Structure formats: C-alpha cells, structure tokens
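The values are calculated or read from the model by the stated rules, or taken from the named source; none is laboratory data. Please read all numbers here as calculations on a predicted model, not as lab measurements. Here the Cβ positions follow ideal geometry from the backbone for every residue, glycine too, while neighbour counts run over all protein chains shown.
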Amino acid sequence: MIRHRPHGSGHPYATTEDQRVPARPLDGEEVELRVRASAGVVAVVAEWAADGAAPVELPLTRRDTGSKAAPGTDPDGGHLAAAQARAARAAAGSWAVRTPVLRAGRRYAYRFRASLADGSARTSRWFEVSAATWSDGGGTLDVKGGDRVVPGSVRWLADADGPLRVRFDLELGPDEHVVGFGERFDAVDQRGRRLDAVVFEQYKGQGRHGRTYLPMPFALVVGGPSSWGWHVGTTRRTWYDVAASEPGRVRVEAEVGRDGALGVRLYDGDRPADVLHAFLEDVGRPEELPSWVFRLWASGNEWNTQERVMAEMDRHRAHGIPVGALVIEAWSDESTFTAFRGAAYEPSQEPHRLSDYVFPADGPWPDQKGMVDELHRRDIKVLLWQIPLQKMRPHPRHQAAVDAGQLVERGYGVREADGRPYRNRGWWFPLALMPDLSSQEVRDWWTAKRRYLVEEVGVDGFKTDGGEHAWGHDLRYADGRDGAEGNGLFPVHYARAFGDLLRSCGKAPVTFSRAGFAGSQPHGAFWAGDEDSTWEAFRSSIRAGITASACGIVYWGWDLAGFSGEVPDAELYLRAAGAAAFMPIMQYHSEFNHHRRPLRDRTPWNVAERTGDERVIPVFRRLAELRERLVPYLAEQARAAIDGGAPLMRGLFFDHPRDPGVWRRPLQYKLGDALLVAPVTEPDVSEVTVYLPDGEWIDVWTGRSLDGGREVSLPAELDRPTVLCAAAHWHRLASVFAD
C-alpha cells in the first residue's frame with residue numbers, strides 16, 4: 001500500500017522515489033521523506049517525533065512528474081533503455097515532505113499513515129534517524145608502512161549510533177601524478193579530479209560518468225624523487241579528492257563499520273613496479289594463464305545456434321584470419337545458464353550429466369560436444385557466457401524452478417536485512433535471486449551444475465559477465481559481512497568460483513570478467529565492459545587498460561571498436577584492431593540486435609560488407625597474423641609481470657617515472673619491456689606525433705633508429721600500427737614484424 005526504504009534501492013549514484021534524502025543526514029540538514037503509494041491512496045501524513053516526544057504531523061504532497069524521470073533519478077547506468085520509462089512511472093506514485101532541521105545528539109523517529117479513498121487507513125512501521133557530525137575523534141585509523149598522513153587532518157563522521165566515515169589527507173608533491181583506483185575510463189592521471197571506488201554497471205559512457213565496473217581503493221604516485229602509493233584496506237565505499245579542492249593534498253574518505261576501525265597501508269619503492277608488487281603481496285598476485293589467451297578472441301551475441309557459430313568460424317578459415325578463442329554468449333536456455341537451448345531433459349535436484357540431455361537434430365545445438373571437439377581440432381578454445389543470478393521473470397519453470405527452490409530452501413542466496421532472499425534491484429534481470437558466493441558451499445553448489453560443460457562437453461573457460469548486481473548497504477552474506485562491506489567482493493567470489501571449477505577439471509582458470517575489486521588480480525582475465533563504437537569510447541578504453549594494469553590486472557582487453565550501436569566505419573575499426581593487436585587480450589564482440597538486418601556483427605567480413613571498404617579484411621588479416629607471431633613474446637612478458645616486474649600493458653611512467661614528457665601523451669603505453677605503442681585515436685590522421693622517452697628506439701616497420709627524449713612524427717598507416725621497439729630488444733623481435 002505504501003513503501004519507504006530509508007536508503008532506497010542502494011543505487012550508489014541516484015536516489016529513488018521511496019527513500020530518505022539524504023539517507024544519512026548531517027547536523028543542520030533537513031530531510032526529504034519519500035514514499036511510494038498505490039493508486040488508492042488519497043493522502044499521506046508523516047508522524048515525526050524527536051527524542052521520544054509526542055509526534056507532530058507532516059502532510060506529504062504528491063510528486064507527480066508526468067512523463068519525466070523523477071528528480072534525482074538517474075536512468076543512466078542501467079542496462080535497459082526502458083529504465084528511464086520505469087523511473088517516470090514510479091514517480092507518479094511518489095509522495096514527499098521535508099522535515100524540520102535535524103540536530104546532532106538527538107534521535108528522531110517517523111512513520112507514515114496513508115488514507116484511502118474508501119475511508120480506511122494504513123500505517124507503516126517506525127523508522128529511526130539521527131544527524132551525523134564531523135569531529136576529531138570517534139575511531140581508529142591504523143596506518144602502516146610510513147607516515148604521509150597530514151597531521152591534524154583525520155576527522156570522523158558519527159551519528160547517534162557511532163562512526164560512519166573517516167577522512168584524512170595525504171601530501172602530494174608538485175610534480176607527482178596519481179594513477180590507479182582500479183580500471184578508470186576518464187583519465188590516466190587522476191590529479192585534479194574527484195572520484196570514488198564502488199562496483200557499478202555503467203552501461204556505456206563510462207568515461208563521461210567516471211564510473212567503473214572494477215574499482216580499487218589503491219593508487220600509485222609517480223613523478224617525485226621516488227614512487228609510492230597507498231591502499232585503503234576496506235571493501236566498503238571510498239572517495240578521493242586528488243588535489244582538486246586543495247593543491248598538494250589528496251583527501252581520502254572511507255566508510256567504516258560501527259567499530260570505527262580502518263587500516264591504511266602505505267608503500268614506497270624506487271620504481272612504480274616495486275610499489276605495485278608490494279600491493280599485490282597484500283591482495284593477491286595474478287596467476288599465469290596459458291598462451292592461447294593471447295590469440296584473437298571472436299564473439300557475437302547473436303551467434304545463437306551451432307550452425308551460425310560454425311559458419312562464422314568457417315569464414316575465419318576461408319579468409320585466412322587465425323582465431324584462438326570463441327566466446328559463445330547465446331548458448332543457454334537463458335533460464336538456468338546450465339543447459340543448451342533446445343535440449344530436452346528432466347529436471348533434477350542433482351547436477352546433470354551430458355547423458356541426461358537429448359539434443360534434437362533440428363534444434364539449435366544438435367551436437368554441441370561434437371562442435372567443441374571440431375573447434376579444438378581447429379585449435380580454437382571455447383568459452384561460454386554466464387550470469388550470477390537465478391532469473392525469476394518470467395516465473396521459473398522446469399529446472400529453473402528446481403534451482404530457485406534449492407536456492408531459497410537451503411538459504412543459499414544473498415539475503416535482505418530481515419532474512420528474506422535478496423531480489424536484484426538493478427535494471428538487468430530485475431528481481432532475480434543472487435547466489436551467495438561468499439560461501440564455499442554455495443560456490444560448489446552453483447558450479448556443480450556447470451561441471452559437465454567442462455568435464456564432458458570440453459569447454460575451456462567462462463565469460464563471467466555481470467558481477468555488479470549487489471545493491472544495498474544492509475544485505476547479508478554468509479561470511480558475516482553486510483552489503484556495505486560485502487557487495488564489492490561479490491565479483492571476486494564469482495570469478496574465483498568458476499576458476500576453481502576449471503582447475504578441478506584439469507583446465508586453466510580462464511574466466512573473462514568485467515567487474516572486480518582489490519583481490520580480483522588472481523582471478524582470470526578482464527575486459528572493459530559495454531561501449532558504443534565511437535572514437536571517444538576507443539580513447540576511454542585505452543585509459544581503462546592502462547589504469548587497470550597499474551593496479552595489477554595482467555590479462556585485459558576490450559570489445560575492439562565497441563560492441564554497441566551502428567557498425568563502426570572502416571577507419572575506426574582498423575585503428576581499434578591495430579591497437580588491440582598490441583594489448584593483452586585482442587577480441588571483437590557485438591551486442592544483441594534482435595537479429596535485425598543488416599547485421600551489426602563486428603566480424604571483419606561484416607564490417608567490410610557494411611562499409612563497402614575493401615581494405616578491412618586484408619588489413620585485419622595482417623593484424624591477426626602479426627598477433628599470432630607476438631604470442632610467445634606476450635606469454636614471456638606476462639610471466640615476467642606476474643613474477644614481480646612491471647605490468648604487461650603499462651603507461652610509460654612505469655619505466656620512466658620522472659620523465660614529465662610521458663604525461664603529454666597519456667594514451668601511449670608499453671607492451672612488455674620492448675614495445676612502445678602509440679594508438680591513433682582520431683579520424684583522418686595520416687601522421688601521428690609520438691613521444692619517445694630516453695634511449696634508442698626502432699620503428700618496427702622500417703627498421704629506422706630514432707633517438708629518444710623528444711617527440712617525433714611518424715606515418716600513421718592503417719595496416720601498420722604505430723609501434724616502436726627498444727633497440728636493446730630489436731634483435732629478438734625483428735622477425736615478428738618482417739613482411
């Protein structure tokens with residue numbers, strides 16, 4: 001009849017029409033109390049009481065915004081375009097009132113009474129709130145590894161029930177640059193910016209919004225006499241003002257538990273790699289993956305039959321374009337994510353084996369094991385798409401009903417504060433149940449249903465998509481954490497679960513995730529998530545790769561030239577392919593387009609057909625062949641990074657931390673010790689200006705020697721990405737670039 005959630009949906013960047021705004025008020029602030037009410041409600045009153053006194057009545061007014069989205073509602077960041085329309089409909093049933101000013105030290109209680117058209121009334125339960133204020137004490141900040149905290153800068157935010165947050169300042173030198181905070185799309189150097197660290201699914205436009213799937217409370221500082229960094233030892237939300245408000249200061253703010261304890265680790269090192277190595281010793285080192293991950297990956301969301309998959313792989317062979325890995329997204333029944341679509345079988349409480357399924361000859365996947373075997377004969381590995389949810393819309397039937405029943409009856413799901421199963425609050429797969437992967441028992445139960453895919457069908461890995469569905473500070477996890485502390489760890493547990501499954505079946509733990517947090521480093525490979533096919537997204541993705549690697553992500557890639565929207569033109573596609581050929585993971589992918597014609601696949605032949613540009617296939621083939629020759633080098637350099645060296649894909653500042661020139665070209669990067677890559681990220685470019693750090697460099701296409709410590713202009717040919725090799729390594733890489 002009426003609904004009020006003090007903290008709303010848990011969306012980290014938007015308010016909802018049923019919450020308290022702000023959810024945690026400060027001393028001297030008013031609060032807006034919002035409720036959602038059914039159509040039969042004609043009036044709503046809030047009863048507001050301070051310190052147990054008799055309540056006063058505060059009449060609510062209807063917040064009817066018509067067709068517009070509700071104020072404070074941000075439809076951006078949802079996976080579905082319909083999110084905005086739903087927000088507008090929700091606003092039509094919303095009521096609100098502003099309270100008197102709240103004062104610290106007092107406790108307030110409120111509830112709502114709704115009057116219905118038939119003269120009856122409904123009353124909600126009581127809610128409590130108190131105002132918070134900043135002070136010098138209230139918690140414990142444990143700083144290890146150095147003493148860079150500015151004296152007198154530590155402040156604590158507490159309400160009537162105890163601490164909520166802590167903030168402190170770190171000194172930042174005039175020549176120092178700050179990189180890290182996980183995968184970041186908006187900038188490589190975060191100096192002069194404000195940002196936070198919370199796992200979030202920003203559907204496209206990450207660079208414009210400053211949001212990320214893969215945040216970390218870690219930063220690397222370079223450019224001064226030595227390198228240093230810090231790690232806020234929490235899985236709760238953190239915020240950073242990186243010399244934006246006050247030059248020479250980084251302000252760090254972090255949520256804390258009611259015990260008010262927070263640990264911070266400072267790192268110092270002669271080289272940025274030393275700082276990163278120390279951080280990884282704390283959160284977990286990457287694990288080496290097999291060399292096949294460095295070959296070309298192919299994918300398309302509409303490849304939803306065995307016939308279509310094999311046709312696309314046949315085209316690779318016909319065009320002479322080598323492919324090393326195939327990601328099949330649209331393989332499952334989209335209900336269980338365990339059974340191939342079209343399979344006939346009996347539902348079971350126990351995990352199925354391959355023999356339990358019957359695959360009709362005229363079905364979409366008549367012989368998926370035979371298909372995988374054939375792909376393996378062609379030296380192509382196979383990954384299957386996953387989502388960490390139990391769909392509940394439409395109402396589950398058959399095996400999905402069994403799985404949902406087990407999840408609820410055994411208490412295997414993430415829970416609300418009152419013990420009810422958590423229902424996904426995000427836009428994608430709304431109201432789905434979410435397995436509590438903080439529990440080893442639940443991880444084993446969830447992955448056992450997929451074991452036959454590895455042991456019997458023979459798949460080689462999983463695309464572990466969508467790890468961002470945990471919303472709400474008061475959720476409950478089996479490991480004892482609440483949502484504020486546990487939500488950021490969900491994608492870590494998710495990738496680990498599937499990596500453990502693969503290991504237990506004798507396979508390498510190849511997972512392909514977009515979400516993560518500190519501690520994700522040991523768990524497989526990552527890609528930059530969903531983006532349009534634009535030059536802007538191209539630039540954002542390069543930043544994402546450089547910053548993710550600066551936090552210890554070794555195996556990283558992106559949907560080259562974007563996966564969404566109209567097919568990219570030939571220039572963007574080939575420039576992006578040229579850059580991706582010199583990144584840890586090279587892969588193309590395309591979004592679901594309801595099988596409408598013309599196709600929006602990002603295969604080179606479809607791009608060639610759509611654009612009418614005859615250069616696409618031969619240039620892409622040349623790049624894919626070059627990539628094959630690079631595999632041994634990439635595997636060697638990944639091993640070195642894992643053993644404590646600089647990242648595989650890394651900003652120039654890793655090797656030249658005190659060279660101010662590297663910051664003028666922030667999209668340039670090194671690929672291993674030898675190669676310097678300068679992607680062309682603007683259209684209609686025939687020459688590119690490249691900054692060469694000190695040393696001798698070789699143009700890999702001409703063999704020309706160039707002195708460093710300066711900027712040079714080089715040709716920007718579509719089939720020859722701008723790449724240079726450190727002269728000391730040229731003797732072993734020259735053959736890779738020979739025509």
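Computed quantities for the displayed model
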{"read-out": "Residue tally, condition out of contact with any Asp or Glu (no Cβ under 6 Å at 6 or more places or on another chain) and more than 18 Å from V101 (Cβ to Cβ), over the range 14-34", "value": "5"}
{"read-out": "Contacts under 8 angstrom Cβ, first residue in the range 242-270 being within 12 Å of E171 (Cβ to Cβ), partner part of a loop (DSSP other than H, G, I, E, B) and among the basic types (K, R), 6 or more apart", "value": "A243/R191; L266/R148"}
{"read-out": "Single residue of the range 524-539 satisfying the filter (surrounded by fewer than 24 Cβ atoms within 10 Å (Cβ to Cβ) and of a type outside the set (A, V, I, L, M, F, W, C)) that is nearest to P509 (Cα to Cα)", "value": "D530"}
{"read-out": "Selected residue (criterion: nearest to Y477 (Cα to Cα)) from residues of the range 405-431 that are of a type in the set (A, V, I, L, M) and under 27 Å from the mean Cα position of the chain (by Cα)", "value": "V414"}
{"read-out": "Of the criteria (1) among the basic types (K, R); (2) closer than 24 Å to E176 by Cα; (3) surrounded by fewer than 17 Cβ atoms within 10 Å (Cβ to Cβ), which one R732 fails", "value": "(2)"}
{"read-out": "Answer residue from the range 6-47, given it is over 22 Å from E416 (Cα atoms) and among the β-branched types (V, I, T) and is surrounded by the fewest Cβ atoms within 10 Å (Cβ to Cβ) among those", "value": "V42"}
{"read-out": "Number of positions in the range 131-182 that are at negative phi, small (G, A, S) and crowded, with 18+ Cβ neighbours inside 10 Å", "value": "4"}
{"read-out": "Qualifying positions in the range 277-330 - assigned to a loop (DSSP other than H, G, I, E, B), within 30 Å of S549 (Cα to Cα) and hydrophobic (A, V, I, L, M, F, W, C)", "value": "L289, L296, I321, V323, A330"}
{"read-out": "Every residue from the range 455-495 that is in a helix (DSSP H, G or I) and buried (at least 22 other Cβ atoms within 10 Å of the Cβ)", "value": "G483, G486, N487, G488, L489, F490, P491, V492, H493, Y494, A495"}
{"read-out": "Yes/no for R720 being crowded, with 16+ Cβ neighbours inside 10 Å, at negative phi and among the basic types (K, R)", "value": "yes"}
{"read-out": "Hits in the range 143-174 (condition: farther than 16 Å from A261 by Cβ, modelled with pLDDT of 95 or more and part of a loop (DSSP other than H, G, I, E, B))", "value": "G145, R148, V150, P151, G152, S153, A160, L172, G173, P174"}
{"read-out": "Top-ranked residue in the range 405-443 [being part of a helix (DSSP H, G or I) and among the acidic types (D, E); ranked as nearest to E334 (Cα to Cα)]", "value": "E409"}
